[in-house]
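Working notes, structure below.
Any read-out appearing in this document is the output of simple, stated calculations on the displayed coordinates, not a laboratory observation. Everything quoted here is computed from the prediction, not taken from an experiment. All Cβ positions, glycine included, derive from the backbone under ideal geometry; neighbour counts span all protein chains shown.
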């Protein structure tokens, strides 16, 4: 950015060795910079360039998704006024709920430079478990069944976490395997059966219809999950250590971070959240078979990536991921209203992913250049 | 400035520590005492074991034999966290920052100041970081991400991090390599104030002036062994150089005398901002030219730029009079240049592939018929080279990983020699290779030069440089600081030039 040198050390005056007689030790300070003693009160400006650039760009990143969301909603509402009706907005929020919850969990895994591809299967397994519990034990209280659904997800997360953190197998491979494994268990367990709304208590199915201040309960739960995860990641040591692990695993070991534990925990949390998503799915749709959540994992990763969570770890927020989930859901809802062919829906999502990754790359390059900027060193 | 600390139990000591990596003995029976109120200097050539020693103190490596004592009691650091708890702070040679996190978080990672409810107190963290930078006399915004910091600024963040520990033992592994004069003075002031507070400081540097200016006692290491520890007043720079190199140039170097032919490689004014500057050199047919210097002097970067793997900002590279286009290794290969890289595991070989596949990798086009590689031709070509280089391998179809380091290096050499190069560039050709195979590699290089190949050799091992090279170019901080003929090149003259102390003979 600036024209000054950015060559760093070599540009600084070379250490001028004091003329010491050969063979004797130079016992005095022999590196007088610029021939004079260093004025101790002088403070150097370091790092150069735009001071808050990094943080500002990260905020801009999330603002950009919000802007895209607002733009999409505005255009759709203009073209088809029914889009902003209360029911339609409620549908949109409900639709985004599952994706948001899954995107939050996925983001935590991505931040540590891992990935969990098994979330769709975990959600499906948990949803079917909930349905089957209601069928097999009609007397069980609803909260117990819901908890059991979450715990099924937790157990799956533990399996993923152990394989990745302890057995040191790359997460991509492990979760690709468990994607099929959990789905297989689901099919074996269901063995062609289907659970219908009639098999489940009214109180459970009514959950989706409860509203808090006009917000559907599941959407409120998703919002709570986003806020809790965001708060934790930003304000707690272990939360920050997730970023550290993803940013530079070797350095994380050197500063004494228990890297394996920090890799393990997000998988468990992500599993639990996928379990929660399964419970909410069961409550909302009521019809459950072994194919619930098939293929969802890529949409989840897409939501997180569109929301600015770096696929190589170390950066991004769950707020961004939630916005990404909302945006993808809004696209799903808006395109039919705009009478766009369903083929184009997928293409638009794909384009969006490419744009967001391209944008990230561009911003990263620009930030790097601006942050390097200055070159005000060289006392 | 003379310090005579009262005899107290050392804060930290190594007792008979040994550590090996495979066949390489990085540390052999090393003992070292770090006393409170003392700055201890550590000198040694590249590969003398200094960094391994640092990592042993830091709890990264566990010694194979011997142990670490903290305040007179034997302890076992099994992880960096253990060492940190024992009050050991380390500034590593290469900065270990988290690029995505803020500077303040980098400093306090894992030890962030907490507010109520174990929440991170960002303001306190920010203020503490500012306080540390104020002590260092620099201003770096604690909120900016570490990504994009210059090497020097990264080093300052590392120093601030080490200071934040209130360490009882501070280890600094070449902290000044990227710093300017004022920054070095401030770092020294910090080190002295820590000494005044009774901490023990271990300071590693290649700059003798710094060592003598700062340290109370100096330890010299060589080939993984402890050579000497003396008070600074009883030492001269000459003593240090002699002890650091201090071995006979072995007669392991069967360099044939060859009358050099025409100029093969000509480099003029090669420049890359911040990496190397104004590098000019030439290599003639039949000549072995060594590029010596300390790690980080920019030697590998220069040869990588010559070969076209890395870019350069200005300058020209000519091979046999024809200019090579920058940044195109394929053009360099077509012109008859071969580069045997520094890191054979990462850059020289495809570790999971078979020996024969690796050996014929550079010739997959000339060996193929109609675009298909024929296994039989590959096998024949590989077997031929295995014989010529006396490769010790089970079967040529085994993976390269099954070979020893020296034989792996032979495979890399075979791969490049098969292209019949006019210019062979070898970067650290014998790193991590046992002595016997080393001599074989040397004999091979000498033979190749005898056949009229121009050889440019980057090496950190002085005996190798002195034994093999017709001419020695010494690099210091990105520039060629000396060109020495075979007669002029001695351990002392090369070492002086490499540490940037020109014109002083021992």
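Mind sorting A:343, A:267, B:21 by how few other Cβ atoms lie within 10 Å of their own Cβ, fewest first?
Lowest count first: A:343, B:21, A:267.
Over the residues of region B:61-158, compute the C-alpha Rg and express it relative to 2.2 N^0.38 Å.
My calculation over the Cα atoms of region B:61-158 gives 1.28.
Let me test this: with uniform point scatterers at the alpha carbons of the protein assembly as shown, what is the Debye-based log₁₀ I(q)/I(0) at q = 0.07, 0.09 1/Å?
The computed values of log10 I(q)/I(0) come out as -0.70, -1.06.
Let me know the mean shielding of A:314-324 by other chains, meaning the per-residue number of their Cβ atoms within 10 Å of its Cβ.
Going residue by residue through A:314-324 and averaging, the value is 1.
For a quick check: sort B:392, B:438, B:410 by the number of other beta carbons within 10 angstrom, fewest at the front.
B:392, B:438, B:410
In peptide B:263-273, what is the residue-averaged number of other protein chain Cβ atoms found within 10 Å of each Cβ?
The per-residue average across the peptide is 1.
Evaluate 2.2 N^0.38 Å with N set to the residue count of chain B, then give the Cα radius of gyration divided by it.
1.06
Could you line up B:440, B:352 from fewest to most neighbouring Cβ atoms inside 10 Å?
Lowest to highest Cβ neighbour count: B:352, B:440.
Do you know the relative contact order of chain B, to the nearest whole percent, from alpha carbon pairs under 8 angstrom that are 6+ apart?
15
For the protein assembly as shown, what is the percent of antiparallel DSSP beta bridges, rounded to the nearest 5?
Around 55 percent antiparallel, to the nearest 5.
For residue B:488 and residue B:398, what does the FRET efficiency come to when R0 = 56 Å and r is the distance between their Cβ atoms, rounded to the nearest 0.05?
So the FRET efficiency works out to roughly 0.75.
From the gyration tensor of the Cα coordinates in region A:83-367, what semi-axes in whole Å does the equivalent ellipsoid have, largest first, with each one equal to sqrt(5λ)?
Square roots of five times the eigenvalues give 30, 24, 17 Å.
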